[in-house]
Amino acid sequence: MNKILLFLALLLLMTACYEATGGVERPDERINTAPSGILNIFYNSFAVYLDDELIGHIMISDSLTSEDFHNNAVLHLQTAIGGANVMVEQQVTIEPARARRRDIFTHSEIFAILNRRFDYAVAAIEVYVNGELEALLRTETDLEHVKYLLQSVWFTEYTVSAEFVNGWETVTRYVCPDETEFCTPEQAYWRLDRTTVQTHNYTVQIGDNFSGIAARFGSTVDRIAEENNLTSVNSIAIGDVLVINTYMPLLTVRTVDEIGDLRIIRENGVEVLRETH
């Protein structure tokens, strides 16, 4: 009897020492084979595969399916890279198996290994203005934040809606994350919140004056004089051609304000329509 108790005590001591020195491997280590002998004990588990490659084992669960585990792995990857939608070509599956304790990982450890093994593409939101690519964003949340930054400048306390009215377009496609330069919402805002220069050639007509021409193009007398190297505003004559630059925001934001029965529509803060409804 004493020999049996001594043997069991020795067995427990050896098991404790093995667990302390071996333990569960770090996620960045490959699966090792446990030493043969009395400690070579196997447990019910699930073997985790990425396509045909064995990644490791997890503890068995009656309710866990391959589809659920694959979806959870993809969600873990999506969270790890900042919330962008991802498209994974490989398939994660699980199968009942037997494994040594040191070969069994937690779900988090397996997900961390899978994150490094996945071949994936991320959803990129391309922002175009008048057909030109202006910014590349990661998520719909980033896109909505950029739109708010650009539109809220023109909000009043009565604003009920806002929209872009000139060539705003977004396209979503999947790209390789290592080969793509994304914008933060703030970077996209600074790229889009800029003015564009349009050059006009205007021929002076009968009855024109400098101030009237400046007002027509939203410019100033001094600016037109400087752009045409004129020393005097009285130095123009009928038939002269003036080069006039106008500076317009890249984006036009149309807002709708409602004050009682009155609806006021503005474009970049300038009233273009007032009506009752």
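Observations on the model:
- There is no residue in segment 242-252 that is at negative phi, without any contact (Cβ under 8 Å) to a residue 40 or more places away in the chain and among the β-branched types (Val, Ile, Thr).
- Residue match in segment 254-277 (condition: of a type in the set (S, T, N, Q) and within 34 Å of the chain's Cα centre (by Cα)): yes
- Of the strands (runs of 3 or more DSSP E) lying entirely inside segment 181-277, those carrying at least 2 residues that are surrounded by 14 or more Cβ atoms within 10 Å (Cβ to Cβ) and not basic (Lys, Arg) are 241-249, 253-259, 262-267.
- Flag if THR231 is of a type in the set (Ser, Thr, Tyr) and assigned by TED's automatic domain parsing to the domain that holds TYR148: no
- Pairs with Cβ under 6 Å, 6+ apart, first in segment 129-149 and not assigned by TED's automatic domain parsing to the domain that holds GLY83, second assigned to a strand (DSSP E or B) and not hydrophobic (A, V, I, L, M, F, W, C): LEU133/GLU126; LEU136/GLU126
- Residues of segment 108-124 satisfying the condition of being of a type in the set (Gly, Ala, Ser) and closer than 13 Å to GLY82 by Cβ: ALA123, ALA124
The values are calculated or read from the model by the stated rules, or taken from the named source; none is laboratory data. Just so it is clear, the structure is predicted and the values come from calculations on it, not from any experiment. Virtual Cβ from ideal backbone geometry, glycine too; neighbours counted across all protein chains shown.
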